[in-house]
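All remarks here apply to the structure that follows.
The values are calculated or read from the model by the stated rules, or taken from the named source; none is laboratory data. Since the structure is predicted, the reported quantities are computational estimates derived from the model, not experimental observations. Heads up, the Cβs are rebuilt from the backbone with ideal geometry, glycines too, and the neighbour counts pull from every protein chain shown. We work out accessible area using only protein heavy atoms, side chains counted, and drop any ligands, DNA or RNA first. Shrake-Rupley method; radii C 1.70, N 1.55, O 1.52, S 1.80 Å.
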Amino acid sequence: MSYQLIHAKQKSEASDTTPPELCDIACSTTIPASLKEALAQLSHKLYCNYTHTQGCIYSYRILTCDATPYHILTAATRQPAHSAYNYICHHTVLTEDEVITLRRNSARPTPAGIICALQSSGHWYTQQTTLPPQADKEPMLSASQLPDARTQPTWKELTGHKRNAAVLLTPPYTSATLVCCPPRITEQERLLLLHEATWLMPTRGWGKTFCTECTDKTADFHVTEIMLTTTRSEQAAAIAHTQRIPMLQLYHGLNLHLQDDANGLSTVAHPLAANPQPQVTPQAYPTAEHGTNIYKYTEAPDHECFFIPPPKHKKWRSFKYIGILFGVTTAVYIVVCHYADFFSPQPEAPQAPAVTATANQAIQQFRDILRRQDSTDDALNKLHARLRDSDAAPYARNLADCIRILTTDINKTHGHPENLLFLAEQAKAMHIPVADIANYYLLRVIKDYPVEEWVAHNTTAPANAAWARFFNTYPNMVKEWQTHADYHAHIEPLIRRHLP
């Protein structure tokens, strides 16, 4: 059951030394006391941060009260001068069970999409002149009220291409990110940008907190993972100067070099996509030389007017010099190779690259993590940080790629058979059982991944070809996965397709 709580700050209670107190306009009768207190603290914090902000600001946060997580959808609004309130904050709280149900819904609702749908239905209380909603009444929504994110229309209109919506699936924007939007963009468009981007994620953005306006120059990205602001704002400049947070600049003509999905309906980041940084497409601007006067005086060449042979092409002399230089270089190379082979000693038998103690230690630690099947990323991230300064050069890069796939690419919807092929190849090189790394990867991928969507994403033409290569290369993994009940529902349809 969801809860609602509406706070307000009255102007008459304010003074120079004491901030105005919160008053409850509406509150669910069954809301837990600890949750109500935590929401009051959140409302006061938002009031302090949004003192100089106009309009409505929407946010999605997670609060844990008495060891119980709650998902908070909030609309905070500064009131006009003639209103009796300075500020109104409307919280709608979803329980963990409700969020699990929403994540399994075939309509693919996201936190930003639900905020948009509630806004269109008049749910949010943002003005004193309107009647507050019934706090104990469950807000009702239908799938038709959710914004359509299948073709990412907002990203296409603002940046020029819908594929840019997959940016939040591509490092370094998979964690804390400051998104700088063009001026005069509305709060509705910011919500649609978040909805269309998180709609591509397997988790639909649940657990990925955001706020549509960053008003604090020292924003806490541990609490709010994605913050939006205006390009060249004071907040963006302060955060860029004081915090090492990736900043994503949105503008028309943005080109992230991300690959389109095979079905043509959505855009996802390729699992091994390189260079996710925005690439600016240069545009030609008119200069003084290209003004309104398009005429230019020219003379015909002499060989067209007089009986003289036309001059040779300007590049002919360069070609002649290149040919001479090539001939001299070839002669010198033949002479040097002849005498070098005559006087050089016999080559020794090639030796395998030495495996240092640090490499053995890192590989052993990686093997232990796989066998423990630790579901958190802490151990893998610590090992990845240790590899940066290690002397295990022959293995550090490949091991770092394996860790990146196990911590980042597991959140993507496509590319899983390709990832398994790469991991299996690296496991054999490091003398790690292929079953250990394959089981670890699959266990992390199918967690909270609906079976229907897993099968749909892994039965496309490119996915079928990749799965066929994996099953043909590692046939023992078929028996290995068929004996695990955890994998049966997800992997059995793929096995039947390729190995009837």
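Brief remarks on what is shown
- Qualifying position, being buried (at least 18 other Cβ atoms within 10 Å of the Cβ) and part of a loop (DSSP other than H, G, I, E, B), among PRO147, PRO139: PRO147
- Number of the condition not met by GLY122 [criteria: (1) out of contact with any strand residue (DSSP E or B) (no Cβ under 8 Å at 6 or more places or on another chain); (2) open to solvent by less than 30 Å² (accessible area, probe 1.4 Å); (3) closer than 22 Å to GLU213 by Cα]: (2)
- Residue count, region 454-471 (criterion: surrounded by fewer than 19 Cβ atoms within 10 Å (Cβ to Cβ), under 18 Å from LEU200 (Cβ atoms) and among the small types (Gly, Ala, Ser)): 1
- Output for region 169-228, where each listed residue is among the β-branched types (Val, Ile, Thr), open to solvent by 30 Å² or more (accessible area, probe 1.4 Å) and either free of Cβ contacts under 8 Å to residues at least 12 places away in the same chain or not in a loop (DSSP other than H, G, I, E, B) (or both): THR186
- Selected residue (criterion: least open to solvent (accessible area, probe 1.4 Å)) from residues of region 84-102 that are over 12 Å from ILE62 (Cα atoms) and polar (S, T, N, Q): ASN86
- Hits in region 50-70 - residues which are in contact (Cβ under 8 Å) with a residue 40 or more places away in the chain and either among the basic types (Lys, Arg) or in contact with a Pro (Cβ under 7 Å, 6 or more places away or on another chain) (or both): TYR60, ARG61, ILE62
- Cβ-Cβ contacts under 7 Å between residues 6 or more apart (or on different chains), taken from a first residue in region 468-486 that is under 19 Å from ASN419 (Cβ atoms) to a second residue that is part of a loop (DSSP other than H, G, I, E, B), are listed as PHE471/LEU499; VAL478/LEU499.
- The set of residues in region 472-487 that are open to solvent by 50 Å² or more (accessible area, probe 1.4 Å) and either over 28 Å from LEU200 (Cβ atoms) or among the hydrophobic types (A, V, I, L, M, F, W, C) (or both) comprises ASN472, THR473, PRO475, ASN476, LYS479, GLU480, GLN482, THR483, HIS484, ALA485.
- Residues satisfying the stated conditions in region 398-434, i.e. in a helix (DSSP H, G or I), open to solvent by less than 40 Å² (accessible area, probe 1.4 Å) and under 19 Å from GLN365 (Cβ atoms): LEU399, ALA400, CYS402, ILE403, ILE405, LEU406, THR407, LEU423, GLN426, ALA427, VAL434
- Restricting region 150-168 to residues that are in contact (Cβ under 8 Å) with a residue 40 or more places away in the chain and open to solvent by 20 Å² or more (accessible area, probe 1.4 Å), the residue that is nearest to MET227 (Cα to Cα): LEU158
- Residue satisfying condition, being touching a Leu at 6+ places or on another chain (Cβ under 8 Å) and in a loop (DSSP other than H, G, I, E, B), within set PRO109, PRO133, PRO80: PRO109
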